[in-house]
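Undergrad: Take a look at the following structure, please.
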Amino acid sequence: MEAQRELELRGIGVSPGIAAGPVLLLQGDDLPLPEYAIAAEEVPREMLRLEEALIATRRQLHDIQRRVEDALGSESAGIFEAHLQVVDDPSFVDEIFRDLRDKRKNVEKILFDAAERYARTLRQMEDDYLRERATDIRDVTRRILRNLAGGGVDWLAGLDSPRVLVARDLAPSEMVAFDRRKILGVVTELGSPTSHAAIMARAMDLPAIVGLHAVCEKARDGDRVILDGVRGVLVLRPSPAREEDYGRIARGRIVIQKRLATLKDEPAVTRDGHAVALSANIEMPADVEAAWARGARGIGLFRSENLFLASGGDPSEERQYEAYAEVARRIMPESAIIRTLDLGGDKMPASVKLPDEANPFLGWRAIRLCLDRPVLFKTQLRAILRASAHNPNLRIMYPMISSAAEVDRANALLEECKAELAAAGLAFNAAVEVGVMIEIPSAALTADLIAPKVKFFSIGTNDLVQYTLAVDRGNERIAQLYEPTHPAVLQLIRHTVEVSHRHGIWTGVCGEAAGNPILAPLLLGIGVDELSASPGAVPLVKDVVRQIRYAEAQDLAEAARGMATGAEVLELCRALVRRVAPEILELAE
Ligand code: PEP
Ligand code: MG
């Protein structure tokens, strides 16, 4: 065994805090294989699960086959024919059914063992062709296992102590299923500060690093690590001296955090009396508590799609109503903005079957999907409307709006829902305010056409930056090009704010830029009315707001207007924070 040497690795720190503990390595594509006994009466349910997984697998294979055939010709697509033969082989399925009855284990375990038996036999064959089929069996089995897991794998089942998760990548549907108590921190090879897994780590207050190249090869399961989510440093097998260093850094940060905690009930107002609405982004209704405890006085964004990602199926109107009503009641009398479904992109639920697309972030996502699926959309709108009866400040926001026409169509469906609820005698706030996310450049550029149709704008910088600069928000390779301070982005933000004020409505920012204390003065200076940040970032933003003068923020925004590069603007922002609130730079890079 190789000596335990310390190794320092650097990635992108995306969620602050220091975590120390043993690694849980989630290697490549390998799924943990659940194994448990089942009762005789559970056998039919396991059979049904297999049948459903086979149907999904068949559909995926046909899809892939078609695409590969189009792109590379039928010869290359042949491999999927072999996979389909495995799925369609009645003797294979019969064998699994028989084993389910005889051995009374969960279907994952039975399937895996049967596939391994097949593969082993084939591997011993003389014939090259048959030996190759062993690989097909293993590939297709992995696919069926994934479908059995339905996207929500419980990686953490059976862990006796919390771990630092190290993985190549984590999907939002996986993050949302995690038991927070079992995780100390998260490290991934892929991803960027605005990939949804990073956003979710911040919401869960989990120190996290993304974009850490080849970490899965360097870290070993069970290795002790120290993770610094501010600087993006991961220390593998730390020396005693390093442990001591980090102990000191952590203690220093705790002192700063304690001071920030005293600001909880203070208003977010500049030294010269300019107030900003400081609210929080939440991923689940239970997060309202954390948001309030950190000093947010409203919910600027509830990412409602998490209800869909977390549950096995489409949540019913009743289930959704309960969730939105819980948010409405808990935050009462302050405001909460429920964003309607933003599925698609990297947010793939197990329930709503989304097609594979070449460019999912430019594809059938969010409001586009909702307008094409009015039953799904109206179920959600009715649930939000009913929740609005509990809080007059519950608001609705449409994501991914690219034109005024989409707002009209969404509003028309909303009116239909109001009529249906009124006819059914159900309570709702008829004057519920509707706003839109400005996160596509076309929406920012035509803000004057959209403004008359809504009561507020909320700028989603995460997507606005990616679409304006043509930089994938989740791609660590081009993370240096992803600049919220790029002059083009600032121009769109400025334009949106000016238009909104001309129309007598307000503009917030709910993208991650709003939670970056270094950028908060710039946004404020541009004239943004509300900043909505992850709960953990709220105290930092509040501190900076309280340390600056509004006039300084305006000067900063004015100076930025003349700058040619995002890097210059960022440096100017950092210099201001360094001057007025230097401690904050200890907690935000
Ligand atoms: C955004 O795009 O800035 C945003 C807040 O939405 P999401 O991160 O959920 O896409
Ligand atoms: Mg977005």
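The values are calculated or read from the model by the stated rules, or taken from the named source; none is laboratory data. Values in this document were obtained by computation on a predicted structure and should not be read as measured data. Please note: Cβ atoms are built from the backbone with ideal geometry, for glycine as well, and neighbour counts cover all protein chains shown. Note: areas computed on protein heavy atoms with side chains; ligands, DNA, RNA excluded. Shrake-Rupley method; radii C 1.70, N 1.55, O 1.52, S 1.80 Å.
Undergrad: Are any of the residues in segment 163-174 in contact (Cβ under 8 Å) with a residue 60 or more places away in the chain, closer than 14 Å to residue 11 by Cβ, open to solvent by 20 Å² or more (accessible area, probe 1.4 Å) and in contact with a Ser or Thr (Cβ under 8 Å, 6 or more places away or on another chain)?
TA: Within segment 163-174, one or more residues are in contact (Cβ under 8 Å) with a residue 60 or more places away in the chain, closer than 14 Å to residue 11 by Cβ, open to solvent by 20 Å² or more (accessible area, probe 1.4 Å) and in contact with a Ser or Thr (Cβ under 8 Å, 6 or more places away or on another chain).
Undergrad: Regarding segment 280-295, can at least one residue be identified that is more than 29 Å from residue 24 (Cβ to Cβ), open to solvent by 40 Å² or more (accessible area, probe 1.4 Å) and in contact (Cβ under 8 Å) with a residue 24 or more places away in the chain?
TA: Among the residues of segment 280-295, at least one is more than 29 Å from residue 24 (Cβ to Cβ), open to solvent by 40 Å² or more (accessible area, probe 1.4 Å) and in contact (Cβ under 8 Å) with a residue 24 or more places away in the chain, which makes the answer yes.
Undergrad: Something else about it: From the list 481, 445, which one is away from ligand 1 (no atom under 16 Å from the Cβ), within 19 Å of residue 505 (Cα to Cα) and among the aliphatic types (A, V, I, L, M)? Steps first, answer last, please.
TA: Working: 481 fails: within 19 Å of residue 505 (Cα to Cα).
One residue alone meets the criteria, 445.
Undergrad: Within the group 328, 286, which residue is of a type in the set (Gly, Ala, Ser), within 27 Å of residue 377 (Cα to Cα) and either within 16 Å of ligand 1 (Cβ to nearest atom) or touching a strand residue (DSSP E or B) at 6+ places or on another chain (Cβ under 8 Å) (or both)? Talk me through it step by step, then tell me what you get.
TA: On the way: 286 fails: either within 16 Å of ligand 1 (Cβ to nearest atom) or touching a strand residue (DSSP E or B) at 6+ places or on another chain (Cβ under 8 Å) (or both).
None of the other options fit; the residue is 328.
Undergrad: Please name all residue pairs, on different chains or six or more residues apart, with Cβ atoms under 6 Å, provided the first residue is in segment 366-378 and is at pLDDT 95 or above and the second residue is among the basic types (Lys, Arg).
TA: Close Cβ pairs (under 6 Å, with a partner that is among the basic types (Lys, Arg)) amount to 371/409.
Undergrad: Right, residue 401: crowded, with 19+ Cβ neighbours inside 10 Å and within 16 Å of ligand 1 (Cβ to nearest atom) or not? If you could, list the steps in order and put the result at the bottom.
TA: Numbers: crowded, with 19+ Cβ neighbours inside 10 Å: yes; within 16 Å of ligand 1 (Cβ to nearest atom): yes.
Criteria met by residue 401.
Undergrad: Do you know which residues across segment 383-398 are in contact with a Ser or Thr (Cβ under 7 Å, 6 or more places away or on another chain) and either open to solvent by less than 10 Å² (accessible area, probe 1.4 Å) or in a helix (DSSP H, G or I) (or both)? Please lay out each step first, then the result.
TA: Quick first cut of segment 383-398, residues in contact with a Ser or Thr (Cβ under 7 Å, 6 or more places away or on another chain) only: 393-398.
Within segment 383-398, 394, 396, 397, 398 qualify.
Undergrad: Still on this structure, I have one more. Helices (runs of 4 or more DSSP H) wholly in segment 200-296 with at least 1 residues that are within 19 Å of residue 514 (Cβ to Cβ) - which ones? Steps first, answer last, please.
TA: Numbers: elements: 215-218, 240-261, 287-293.
So the answer is 240-261, 287-293.
Undergrad: Somewhere in segment 331-344, is a residue among the basic types (Lys, Arg), in contact with a Leu (Cβ under 6 Å, 6 or more places away or on another chain) and within 16 Å of ligand 2 (Cβ to nearest atom)? Before you say what the answer is, go through the steps one by one.
TA: Residues of segment 331-344 among the basic types (Lys, Arg): 339.
Remaining after also requiring in contact with a Leu (Cβ under 6 Å, 6 or more places away or on another chain): 339.
Those still in the list that are within 16 Å of ligand 2 (Cβ to nearest atom) too: 339.
Yes, because at least one residue in segment 331-344 is among the basic types (Lys, Arg), in contact with a Leu (Cβ under 6 Å, 6 or more places away or on another chain) and within 16 Å of ligand 2 (Cβ to nearest atom).
Undergrad: Check segment 554-565 and report whether any residue there is open to solvent by less than 40 Å² (accessible area, probe 1.4 Å) and β-branched (Val, Ile, Thr). Before the answer, list the steps.
TA: So in segment 554-565, the residues open to solvent by less than 40 Å² (accessible area, probe 1.4 Å) come out as 556-557, 560.
Of the ones still in play, those that are also β-branched (Val, Ile, Thr) are none.
Within segment 554-565, not a single residue is open to solvent by less than 40 Å² (accessible area, probe 1.4 Å) and β-branched (Val, Ile, Thr).
Undergrad: Touching a Pro at 6+ places or on another chain (Cβ under 8 Å) and on the phi > 0 side of the Ramachandran plot: which single residue out of 273, 222, 232 fits that description? Spell out how you get there, then give the answer.
TA: On the way: 273 fails: touching a Pro at 6+ places or on another chain (Cβ under 8 Å); 232 fails: touching a Pro at 6+ places or on another chain (Cβ under 8 Å).
On inspection, the qualifying residue turns out to be 222.
Undergrad: Here is a follow-up. Against the conditions (1) within 16 Å of ligand 1 (Cβ to nearest atom); (2) closer than 22 Å to residue 196 by Cα, where does residue 476 fall short? Just the number, please.
TA: Tallying (1) within 16 Å of ligand 1 (Cβ to nearest atom); (2) closer than 22 Å to residue 196 by Cα, residue 476 fails exactly one: (1).
Undergrad: So residue 367 ticks every box in (1) out of contact with any Pro (no Cβ under 8 Å at 6 or more places or on another chain); (2) within 13 Å of ligand 1 (Cβ to nearest atom); (3) hydrophobic (A, V, I, L, M, F, W, C) but one. Which box is left unticked?
TA: So residue 367 meets the others, but not (1).
Undergrad: Run down 135, 188 and say which single residue is of a type in the set (Val, Ile, Thr), at pLDDT 80 or above and either open to solvent by less than 30 Å² (accessible area, probe 1.4 Å) or outside the structural domain of residue 11 (by TED's automatic domain parsing) (or both).
TA: 188
Undergrad: Can you go through 357, 317 and tell me which one is away from ligand 1 (no atom under 16 Å from the Cβ) and in contact with a helix residue (DSSP H, G or I) (Cβ under 8 Å, 6 or more places away or on another chain)?
TA: 317
Undergrad: Among helices (runs of 4 or more DSSP H) lying entirely in segment 406-477, which contain 2 or more residues that are open to solvent by 10 Å² or more (accessible area, probe 1.4 Å) and touching a Leu at 6+ places or on another chain (Cβ under 9 Å)? Explain how you work it out, then say what you get.
TA: On the way: elements: 441-445, 447-450, 461-469.
Where helices (runs of 4 or more DSSP H) fall fully within segment 406-477 and carry at least 2 residues being open to solvent by 10 Å² or more (accessible area, probe 1.4 Å) and touching a Leu at 6+ places or on another chain (Cβ under 9 Å), they are 441-445, 461-469.
Undergrad: Further question on the same structure: Pick from segment 326-346 the residues that are closer than 25 Å to residue 388 by Cβ and of a type in the set (D, E, K, R): which of them is most open to solvent (accessible area, probe 1.4 Å)?
TA: The first filter runs over segment 326-346 and keeps only residues closer than 25 Å to residue 388 by Cβ, leaving 326-343.
Checking which are of a type in the set (D, E, K, R) leaves us with 326, 329-330, 334, 339, 342.
On the way: 326: 59, 329: 129, 330: 96, 334: 63, 339: 8, 342: 1 Å².
Selected residue: 329.
Undergrad: Please determine, by comparing only the residues of segment 297-318 that are assigned to a helix (DSSP H, G or I) and in contact with a strand residue (DSSP E or B) (Cβ under 7 Å, 6 or more places away or on another chain), which one is nearest to ligand 2 (Cβ to nearest atom).
TA: Quick first cut of segment 297-318, residues assigned to a helix (DSSP H, G or I) only: 305-310, 317-318.
Cutting the leftovers down to in contact with a strand residue (DSSP E or B) (Cβ under 7 Å, 6 or more places away or on another chain) gives us 305, 309.
Working: 305: 10, 309: 15 Å.
Across segment 297-318, the extreme among qualifying residues is 305.
Undergrad: Still on this model: Output the qualifying pairs, or none if there are none: Cβ atoms under 7 angstrom, residues six or more apart or on different chains, first residue in segment 488-512 and assigned by TED's automatic domain parsing to the domain that holds residue 560 and open to solvent by 10 Å² or more (accessible area, probe 1.4 Å), second residue within 16 Å of ligand 2 (Cβ to nearest atom) and among the polar types (S, T, N, Q).
TA: Listed by first residue and then by second, the contacts come to 488/468; 492/468; 512/194; 512/461; 512/462.
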